[in-house]
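A short write-up of the structure that comes next.
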Amino acid sequence: MTKNNRLIERLAPWIAMVALVIIWEVTVRAFDVPSFIFPSALETAQALVTYSGPIAMHSWQTFWTTLIGFGLGVAVGLVLGFIIGSSRFLYNACYPLLVGFNAIPKVAFVPILVVWFGIGSVPAILTAFLICFFPIVVNVATGLATLEPEMEDVLRVLGARRMDVLLKVGLPRSLPYFFASLKVAITLAFVGTVVSETVASNQGIGYLMMSAGSQMRMGLVFAGLLVISAMAMVMYELFAQLEKRMTGWAHRGQNR
Amino acid sequence: MSAAFVSFDDVSLAYDASGNAIEDINLSIHEGEFVAFVGPSGCGKSTFMKLCTGLHAPTTGTVQVDGEAVTGPLKISGMAFQNANLLPWRTTLDNVLLPLEIVKPYRHQFRKRREEFVGWARKLLKTVGLEGYEDQYPWQLSGGMQQRASICRALIHQPRLLMLDEPFGALDAFTREELWCVLRDLWEAQRFTVVLVTHDLREAAFLADTVYIMSRRPGRVIERRSIEMPRPRALETTYEKPFIDLVQELRAQIGEVRST
């Protein structure tokens, strides 16, 4: 009984996915929607196979620009989060600025980036970076800033320096926050890359979808959408696994 | 009585303009003495701890420890609180070793002497009854076991001054009495100086040489009472008449404080 339950639990996401595809296919057929408006699941799959070569090429472009942008986001996010979180003053000073910055739609940066760097991979990388570093900064800074005062006292009576407290307690303590933010950040990074590619690139999935759309080849556009979400899902799962491995202590009791 | 190890001269502390948290504290604690502070809640007992360890500077007066004025956090003290405050990502053993990674001179020897330090930690954990739990994580231990580990962490670097802020407050009655005995035995063996802050009069009377009773805020010491029971004390004595009478008297004094 429990074994069956567990199996169903594991299969649940796949069942949901299949159900969605079936609903999609049935709806499009039932209402006889023209394929240049909303292609059926079957047509999308056909497009995926027919154009697998170009799709693979453009996906790869999107994939590595996203990863570079994400890598920059992680590096900058960690350092900035550490600095801001380690000082109450900086935390209070910088937090409103960060919130304000985060509220700007990142697509608004793309024209600026194009003026500075021309079209191509660089604006895509930078847009991915700009959109994904915020959750990392906030999570790391919050993890550090919410250190229990008693814990700090325990170390301070031993003569611990501020840096000792941060490295021995603050940083390990903020790791679960950090890894949780990576999952959010990687999906955001894909958003950033694709947004930039649609307006300022001649390669990448975003560009592919834009140009296919202008030719009314909606099957290909939808194939692009599927590829993006598939990549984001795989990366999300990867970081979820990493999180579980690195900070198992923070998720105790869930696997019992 | 030997020269004072900890001495307070006319010490007051105000955190802000709302008045003193504690006021006109004059006392001296000699080395190896076990003192307990009791009083109604909010009487500044924890403030006293912070002054004593140098985490806070007094507004007026001076605090001296070991013949020198306290100006910053002391390095010869260990501390344990009501919450065990163990780090959940470290095993019990690594939690106990933490002070050795921070306190001079051990911090610079930590890598080289790690084996030796681990030996100290295992021995200490064994004396408090945690043998076999060294590699468990804190969240796998019960509250009482966590508190034992917390006391080990406070003692691993062989501090001369042990500060305990209601360390047994969150435990059930049986575990609490068990840990009294653990603390008693550790103290009998090593004779460090202990400052214990507690709400529990039986705890104070059973463990301490001297009990200080504090008034309501602003906290003052209103009574200093030596506990003249022979040592080592057996837990059974806490259920006998002389001890019960003593606790009754302390209780009456606290009652007076609360009603004024």
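From A:ILE112, A:ILE119, which residue is among the hydrophobic types (A, V, I, L, M, F, W, C), over 24 Å from A:LEU175 (Cβ atoms), exposed (fewer than 15 other Cβ atoms within 10 Å of the Cβ) and more than 14 Å from every other protein chain (Cβ to nearest Cβ)?
After ruling out the rest, the residue left standing is A:ILE112.
Taking region B:141-174, which residues are part of a loop (DSSP other than H, G, I, E, B) and under 24 Å from B:GLU236 (Cβ atoms)?
B:PRO167, B:PHE168, B:GLY169, B:LEU171, B:ASP172
Can you name every residue in region A:25-56 that is assigned to a helix (DSSP H, G or I), of a type outside the set (Lys, Arg) and farther than 12 Å from A:PHE222 by Cα?
Passing the criteria: A:GLU25, A:VAL26, A:THR27, A:VAL28, A:ALA30, A:VAL49, A:THR50, A:SER52, A:GLY53, A:PRO54, A:ALA56.
Restricting attention to region B:57-82, report how many residues are part of a strand (DSSP E or B), more than 9 Å from chain A (Cβ to nearest Cβ) and hydroxyl-bearing (Ser, Thr, Tyr).
Here the count works out to 2.
What number of residues within region A:175-193 are among the small types (Gly, Ala, Ser) and either in contact with a Phe, Trp or Tyr (Cβ under 7 Å, 6 or more places away or on another chain) or within 11 Å of chain B (Cβ to nearest Cβ) (or both)?
Final tally of qualifying residues: 2.
Would you check which residues across region B:83-124 are in a helix (DSSP H, G or I) and within 9 Å of chain A (Cβ to nearest Cβ) and list them?
Across region B:83-124, the qualifying residues are B:LEU98, B:PRO99, B:GLU101, B:ARG107.
Does A:LEU171 fit the bill of being under 15 Å from the mean Cα position of the chain (by Cα) and either among the β-branched types (Val, Ile, Thr) or more than 30 Å from A:THR50 (Cβ to Cβ) (or both)?
In short, no.
What about A:PHE239, is it among the aromatic types (Phe, Trp, Tyr), under 19 Å from A:ILE68 (Cβ atoms) and either within 14 Å of chain B (Cβ to nearest Cβ) or out of contact with any strand residue (DSSP E or B) (no Cβ under 7 Å at 6 or more places or on another chain) (or both)?
yes
Output the qualifying pairs, or none if there are none: Cβ atoms under 8 angstrom, residues six or more apart or on different chains, first residue in region B:140-157 and surrounded by fewer than 24 Cβ atoms within 10 Å (Cβ to Cβ), second residue part of a helix (DSSP H, G or I) and of a type in the set (D, E, K, R).
Once the first residue is surrounded by fewer than 24 Cβ atoms within 10 Å (Cβ to Cβ) and sits in region B:140-157, its partners that are part of a helix (DSSP H, G or I) and of a type in the set (D, E, K, R) give B:GLY144/B:GLU178.
Does B:ILE25 satisfy the condition of being buried (at least 18 other Cβ atoms within 10 Å of the Cβ), β-branched (Val, Ile, Thr) and within 24 Å of A:ALA160 (Cα to Cα)?
For B:ILE25, the condition - buried (at least 18 other Cβ atoms within 10 Å of the Cβ), β-branched (Val, Ile, Thr) and within 24 Å of A:ALA160 (Cα to Cα) - is not met.
Mind listing just one residue for me: the one in region B:125-151 that is within 15 Å of the chain's Cα centre (by Cα) and within 13 Å of chain A (Cβ to nearest Cβ) and, of those, farthest from B:LYS45 (Cα to Cα)?
B:ALA149
(1) buried (at least 22 other Cβ atoms within 10 Å of the Cβ); (2) more than 21 Å from A:LEU158 (Cα to Cα); (3) hydroxyl-bearing (Ser, Thr, Tyr): which one isn't true of B:THR60, the others all being true?
Result: B:THR60 passes all but (1).
Can you name every residue in region B:9-22 that is touching a Gly at 6+ places or on another chain (Cβ under 7 Å) and in a strand (DSSP E or B)?
Of everything in region B:9-22, those that are touching a Gly at 6+ places or on another chain (Cβ under 7 Å) and in a strand (DSSP E or B) turn out to be B:ASP9, B:ASP10, B:VAL11, B:SER12, B:ILE22.
Can you find a residue in region A:146-155 that is away from chain B (no Cβ under 13 Å) and surrounded by fewer than 19 Cβ atoms within 10 Å (Cβ to Cβ)?
Yes, there is a match, as at least one residue in region A:146-155 is away from chain B (no Cβ under 13 Å) and surrounded by fewer than 19 Cβ atoms within 10 Å (Cβ to Cβ).
Pull out all pairs, ordered by first then second residue, where Cβ-Cβ is under 6 Å, the residues are six or more apart or on different chains, the first lies in region A:62-90 and is more than 28 Å from A:ARG173 (Cβ to Cβ) and in the same structural domain as A:PHE178 (by TED's automatic domain parsing), and the second is in a helix (DSSP H, G or I) and small (Gly, Ala, Ser).
So the pair list comes out as A:THR65/A:SER121; A:THR65/A:ALA124; A:THR66/A:ALA128; A:THR66/A:ALA189.
Would you check if there is a residue in region A:196-209 being within 14 Å of chain B (Cβ to nearest Cβ), surrounded by 22 or more Cβ atoms within 10 Å (Cβ to Cβ) and either under 24 Å from the mean Cα position of the chain (by Cα) or touching a residue at least 40 places away in the same chain (Cβ under 8 Å) (or both)? Break it down stepwise before answering.
Of all residues in region A:196-209, those within 14 Å of chain B (Cβ to nearest Cβ) come to none.
No: zero hits.
Suppose we keep only residues that are buried (at least 17 other Cβ atoms within 10 Å of the Cβ) and touching a helix residue (DSSP H, G or I) at 6+ places or on another chain (Cβ under 6 Å) within region B:228-243. Which one would you say is farthest from B:ASN26 (Cα to Cα)?
B:THR238
Going by what's in this entry, would A:LYS106 be described as away from chain B (no Cβ under 14 Å) and among the charged types (D, E, K, R)?
When the stated conditions are applied, A:LYS106 passes them.
Assuming A:THR62 fulfils every condition listed in (1) in a loop (DSSP other than H, G, I, E, B); (2) on the phi < 0 side of the Ramachandran plot apart from one, which condition is it?
Of the numbered conditions (1) in a loop (DSSP other than H, G, I, E, B); (2) on the phi < 0 side of the Ramachandran plot, the odd one out for A:THR62 is (1).
The values are calculated or read from the model by the stated rules, or taken from the named source; none is laboratory data. Just so it is clear, the model here is predicted, and its values are computed rather than measured. When we count neighbours, we look across all protein chains shown, and the Cβ atoms used for this are built from the backbone with ideal geometry, even at glycine.
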